[in-house]
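I have placed the structure first, in the form of C-alpha cells, so that the comments after it can refer back to it.
The values are calculated or read from the model by the stated rules, or taken from the named source; none is laboratory data. Note that the coordinates shown come from a computational prediction; the quantities given were computed from them, not determined experimentally. Positions of Cβ are backbone-derived with ideal geometry, glycine not excepted, and every protein chain shown enters the neighbour counts. Ligands, DNA and RNA are excluded from the accessible area calculation, which covers all protein heavy atoms including side chains. Shrake-Rupley method; radii C 1.70, N 1.55, O 1.52, S 1.80 Å.
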Amino acid sequence: MEEMLFYDRMQFAFTITFHYLFPQLTMGLSLMIVYFKWKFIKTQLEHYNDAAKFWMRIFALNFAMGVVTGIPMEFQFGTNWAKFSELTGGIIGQTLAMEGMFSFFLESSFLGLFLFGEKLLGQKMHFLTGFLVFLGSWASGFLIIATHSWMQNPVGYEILANGKFVLNNFSALFTNPWLWPSYLHNQAASLVTSSFVVAGIGAFYILNKKNVAFGKLFVKTGVVFGFIASLIVAMPTGDLLAKNVVKYQPVTFAAMEGIFHTEEGGSEIVLIGQPDVKNKKLDNKIAVPNILSFLTYGNWEQEVKGLEEYPEEVHPTNISGLYYAYHIMVGLGTIFIGLMAFAVFQLIRKKLYTTQWVLWALVFMIPFPYIANTTGWYTAELGRQPWLVYNLLRTSEGASPTVSSGNTLFTLLGFIGLYLLLGLLFLLLVGKIIRKGPQPQTH
C-alpha cells in the first residue's frame, strides 16, 4: 500500500508541477497584455499594440501547453484517486466543473478573437477580447484555488452515512477564510513570474542591441509590475496566509518554520538550518530571536507551539521537504523584492538601461520565480499531509485500491518521457518567437 501511495503521489506531483509552469505565466501575463493594449488605445503609440500582440503569441503557446498538460490530471482523479473522487466528488466536482465550463471556454474563445480578429473587431473590441482572456484566466485560478482551499479548510459540508461528503452550503465554498488570501497570494506570485519574464526578455534585447525600443518598454513595464507584485506576495497576502496556517493548521506551521520544541518567552525565526527530524532539532541554524512571535501574533513574547505538542500521527509526513520548500520560497521572494526595488530605483534615476549588471541579473533571474511558485505550492501540499481533506480524509484513504504500483510507475515513466519532448518543443517555439521579436505594424 505504501509503495502504491508513493507512486500515486509522485505521478500527481510530477504532472501538476510540469503543468503549473504554464498557467503561472499566463495568469500574470494576461494582465500585462491588457495594460499594453490599454496604453495603445490611450496614447495611440503603435509599439504598445505591437507589444500586446507579441506577448499574446507567447501567451497562446503557454495556454496550449497548459491545456495539453492539464487534461491528464483530470483523469488521475479517476485512475489513481478514485476513492477520493467518489467520497468528495459532490463538492470538488462543483468548482472543477465550473472552471472547465465557464473560465476555460471564456479564455479559449476570446484568445482566438484576440489573436486573429483585430482588424475585424476594431481596437476597442480587440481590447475587450484581451480583457475577457484576462478575466477567464483569473476566474480559472479562482475556482481551482476554491477547490484547494476546501481541501485545506473544509467548510459547508456534511458527511453522509456512507462516508460521502456533500455540500449543504454552496456559498461557503467562496467565503472560506482560506480562499481569498491563497488566491491573491497565488495571483500576485503569477504576476511576479510574468514580470520577470517580460523584464528578462527586454533586458536580453537591450544587451543584444536588438529590438532596443521594445527591450526598454519590456524592462520598464516588467520591473514596475514586478516590484508591486513582489511586495503584495509578501504583504499583505503572504502574511495573511501564514496567519491562516497558524490558526487552522498549527502543526504545519511548526514544521514549516522548523520549530520542534515550544520556546518560552517568544519564538525565533530561522534563516538557515537543516532539520534533523529523527533527533528533533535543527543543525547549524542561524536564527533571529523573538521575530517569529512578533510576525505571527504582533507580540514579541507570544509562545509558538512546537511539533512536540502534537501527536506524531498528525505531523506532516515530509517535514524536511516542507521546511526546505517554505524557506526556498521565502528566500527567493526576498531576493525578488530587493532586485526589483533596485531596478525601479535605477529606472527613476534614468540609469536602468545602462546598468549592465542589473540587466544581466534580470535575464539570469527568469527561471527563479518558477522555482518560487513551485516551492510555494509544495509548501501548501506537503503541509496538508497526511490529509487529503484536512483532519477528515487521510491521503491513504483516497487512493484507488485496484490500481497497482507497477501500473502507476509505468504511466509515470511515460509522462516523464512525453513531457520532456513537449518541454523541448515548447522551448524551441518560444525561442523562435523571441528571436523574431515584436513585429512593428506596417501601414
query: Nearest 10 degrees, 0 to 90: what angle lies between the long axis of helix 46-79 and the longest principal axis of the chain (Cα atoms)?
result: 30
task: Rank by packing, highest mean first: peptides 225-231, 352-358, 102-108, with packing defined as the count of other Cβ atoms within 10 Å averaged across residues.
output: 225-231, 102-108, 352-358
- request: Please tell me which of these pairs span more than 30 angstrom C-alpha to C-alpha: Lys83/Lys278; Lys37/Lys209; Lys164/Lys247; Lys124/Lys216; Lys243/Lys351?
  value: Lys83/Lys278; Lys243/Lys351
statement: Once Lys and Arg are counted +1 and Asp and Glu -1 for all other residues with Cβ under 14 Å from that of Leu412, the total becomes -1
statement: Probe 1.4 Å, heavy atoms of protein chains only: per residue, the accessible area of segment 36-119 in Å² is 44
- request: Using a 1.4 Å probe over the heavy atoms of the protein chains, calculate the carbon and sulfur portion of the accessible area of the chain as a whole percent.
  value: 69
query: If each Cα of segment 99-227 is one equal point scatterer, what is log10 of I(q)/I(0) from the Debye formula at q = 0.12, 0.22 Å⁻¹?
result: -0.68, -1.18
- prompt: From the phi of every residue in segment 16-21, what ³J(HN,Hα) in whole Hz does the Karplus formula 6.51 cos²θ - 1.76 cosθ + 1.60 yield, where θ is phi - 60° and glycine or proline is x?
  reply: 6, 5, 5, 4, 6, 5
query: What is the local net charge at His126, summed over the other residues whose Cβ is closer than 10 Å to its Cβ (Lys, Arg +1; Asp, Glu -1)?
result: +3
query: Which of Ala372, Tyr326, Leu421 sits farthest toward the positive end of the charge dipole of segment 282-433, with +1 on the Cβ of Lys and Arg and -1 on the Cβ of Asp and Glu?
result: Leu421
query: What dipole magnitude, in Debye to the nearest 20, does the chain give about its Cα centre under +1 on Lys/Arg Cβ and -1 on Asp/Glu Cβ?
result: 2480
- prompt: What is the distance, in nm, between label points placed 7 Å from the Cα along the Cα-to-Cβ direction at Glu74 and at Ser171?
  reply: 3.0
field: Value of D in µm² per second that Stokes-Einstein yields for the chain, Kirkwood Rh from Cα pairs, at 20 °C (1.002 mPa s)
entry: 92
